[in-house]
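What follows is one structure encoded as structure tokens, with my remarks underneath.
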Amino acid sequence: MWNIGRSLTGGDEEQGESLLGEDSGGLCSLSTTQRIYGFAACFVAGVACMLLSMIVFVKPMKFAVLFTFGNLLAVGSTGFLLGPAQQLGMMFDPVRVFATAIYLGCVVIALICALWIHSKVLTIVAVIVEIGALIWYSLSYIPFARRMVSELMIRLCDTEL
């Protein structure tokens, strides 16, 4: 237990493997403390963008761009902890490849609706679908969470007469 605390705070760096990922083969020179700071800064910036997007909610184009950018920052922040290669490997793992593809597709569609098409209705719909895709993608990291949510939705939406 004490080794985990020392590994997280960076006090155990000379002993090789850290808790936050394997050796990157010299590609990443960030210490454990720097990784945690990078994660926190990126995550806080993402959450701040998502919260600030609520201010410009009446202008769906600005809202969609700011909200989507915040989403990408928050999701990408875990790349600091795991490393970009392991993060991408986990995103495109066979268990969550469809959730990842749907989420990334929704991000692209939201940006296209906001920046190219300039349709407020389509932008709002795309952002709502993006939120749903992000929730479904996040549930893929929790064992059996997607199955439980699916069964719950089936029970709640059952329309037997």
* Asked: Can you work out ³J(HN,Hα) from phi for every residue in the range 57-65, in order, using Karplus 6.51 cos²θ - 1.76 cosθ + 1.60 and θ = phi - 60°, giving whole Hz and x for Gly and Pro?
  -> 4, 6, 10, x, 5, 5, 4, 4, 5
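Using only the heavy atoms of the protein chains and a 1.4 Å probe, how would Glu151, Glu130 rank by accessible area, largest first?
Heavy-atom accessible area, descending, gives Glu151, Glu130.
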* Take every Cα pair under 8 Å in the range 19-161 that's 6+ residues apart, average their separations, divide by the length, and report that relative contact order as a whole percent. => 21 percent
* Asked: With the dipole of the range 20-161 worked out from charges on the C-beta (+1 for Lys and Arg, -1 for Asp and Glu) around the Cα centre, which of Ala101, Pro60, Val44 lies farthest toward the positive end?
  -> Pro60
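The values are calculated or read from the model by the stated rules, or taken from the named source; none is laboratory data. Everything numeric here is computed off the predicted structure, so don't read it as measured data. So basically every Cβ, Gly included, is an ideal-geometry build from the backbone, and we count neighbours across all protein chains shown. Accessible surface areas use protein heavy atoms only, side chains included; no ligands, DNA or RNA. Shrake-Rupley method; radii C 1.70, N 1.55, O 1.52, S 1.80 Å.
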